[in-house]
Structure formats: C-alpha cells, structure tokens
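Asks: Shown below is the structure under consideration.
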Amino acid sequence: MRVLLITPGTRGDVAPAAGLGARLREAGHEVAIAANPPYRNVVEASGCTWRELPGDLAPLLAGEGSGSSFRQLTAYMDLAAEGALTAAAEGVDAILVNAVAPFGHDIADRLGVPSAGAFLQPMHPSAAYPPMLLGLPRSLGPRGNRLAGLALAAAPAPRRPMTRPAAASAAPGASRTSSTVSARWWSRARTTGRPG
C-alpha cells in the first residue's frame, strides 16, 4: 500500500511522522512524507520518500516576517495545501494527516482513498484538558476546558476555504460537500488528469 503522511509544521511534527513512516515501511508499505524543505533529511533518514511542501513555518513561529501572523499563517497553509495536492497526485492508496493538515482529508476524499488523523495530542473538546493548540500551562476546569475546545473547533481555520467547482464535484465518486481544496488544482486535475 502506498501511504502518504502530510506533515506541515516543524521538526516536532515531522520527526514523529518519520518514525511512524519507518514502521509502516517495515510492515511492507511504500511510504512518502510530505514535509517542508528544512526537514527533508529527517524524512530521508527514516527511509521514506520525501515530497515537498513549500514554505517553512519556523520563521513565523519565531516572530519573523512582516504583516499579521494570521495572514502569514494563512499563506503558509495555502502553500502546504497546494504542496499536499501535488504530493498526493504522485500516487497514494491512503493518506495520514497531522493536526496542521486537515485539508488532507479533502484531498483523500477527492482521490477516493481513505484518510485518518495521526495526531500527537488530543484534538477533540474535552472536560479533562484544555485545547492543546492553545498551549495553556494549566487546566481551565472541566467546563472551561470543554468550552475552550468547542470555541477553538468553531474558529475559522488559518487557510482560505475554497469550494470545489461544480463540474469537479459532479465527478463520479466525488463528494458533494464543500472543500478547502484549491479551485485552480481542481481545474488542472480535470483538464490534465493530474495537478501541476
């Protein structure tokens, strides 16, 4: 089985995926990991195939760059989604995504392959802990934890939501739900059979 792990983010996102990829390879699967260029060596050291996700999140996390952080994060996520689309177009039978790549489920849906989250932390609202994405040092109490988790889940994603063109949505086997996948990619895929 050809498995693609989509891992935008930092070394802390890519290294665990590389470990998982190595175990999947030991089990006989072909594994590719889509990651940013600074982490190519981490992926290749695990024996997995590296597929490029353009961009680098590290400067944004370090406070470098100009403009609002949300705009910079949106631009990074747009690049990551486009890179993931290109990586998936090279051939996959299943896609695993990290917490930073929910768009991977949309890609898998369109390609007709299964997808699953390979998360490093709890991702669903819970009374037991505050949302991990907020990085809070302590609990907000059961009610506060759950409310914060629900609020975060309802917040807009740091990427531009785009809807599939009607013609692509009407393709046999395609879901009719909205998607965050780029209209430009769907257009290329429809006319050429693959993006890029």
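Asks: Could you please let me know if Ala88 is at pLDDT 80 or above, more than 17 Å from the chain's Cα centre (by Cα) and of a type outside the set (Phe, Trp, Tyr)?
Replies: The answer is no for Ala88.
Asks: How many residues, within region 26-67, are aromatic (Phe, Trp, Tyr) and at positive phi?
Replies: Summing the residues that are aromatic (Phe, Trp, Tyr) and at positive phi in region 26-67 gives 0.
Asks: Suppose we filter region 1-56 for residues that are in a loop (DSSP other than H, G, I, E, B) and either among the small types (Gly, Ala, Ser) or within 18 Å of Ala116 (Cα to Cα) (or both); how many remain?
Replies: 10
Asks: A further question on this structure: Any residue that is of a type in the set (A, V, I, L, M, F, W, C) and under 19 Å from Leu24 (Cβ atoms) - is there at least one of those in region 119-140?
Replies: yes
Asks: Here is a follow-up. Could you grab me the full set of residues in region 1-21 that are under 14 Å from Leu96 (Cα atoms) and aliphatic (A, V, I, L, M)?
Replies: Within region 1-21, Met1, Val3, Leu4, Leu5, Ile6, Val14, Ala17, Ala18, Leu20 qualify.
Asks: Do we have any residue at all in region 20-39 that's crowded, with 17+ Cβ neighbours inside 10 Å and over 24 Å from Gln121 (Cα atoms)?
Replies: no
Okay, residues lined up against (1) under 24 Å from Pro16 (Cα atoms); (2) in a loop (DSSP other than H, G, I, E, B); (3) of a type in the set (D, E, K, R); (4) modelled with pLDDT of 80 or more:
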site	(1), (2), (3), (4)
Pro125	yes, yes, no, yes
Ala128	no, yes, no, yes
Gly144	no, no, no, yes
Leu147	no, no, no, yes
Ala151	no, no, no, yes
Ala157	yes, yes, no, no
Arg160	no, yes, yes, no
Ala167	no, no, no, no
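Asks: A follow-up question, please. Checking the structure you have, find out if any residue of region 76-90 is of a type outside the set (Lys, Arg), in a strand (DSSP E or B) and within 12 Å of Leu4 (Cα to Cα).
Replies: Checked against the condition, which is being of a type outside the set (Lys, Arg), in a strand (DSSP E or B) and within 12 Å of Leu4 (Cα to Cα), region 76-90 yields no hits at all.
Asks: Which residue out of Asp93, Asp78 is surrounded by fewer than 18 Cβ atoms within 10 Å (Cβ to Cβ) and in contact (Cβ under 8 Å) with a residue 12 or more places away in the chain?
Replies: Asp93
The values are calculated or read from the model by the stated rules, or taken from the named source; none is laboratory data. In this text the structure is predicted, and so the values were computed from the model without any measurement. All Cβ positions, glycine included, derive from the backbone under ideal geometry; neighbour counts span all protein chains shown.
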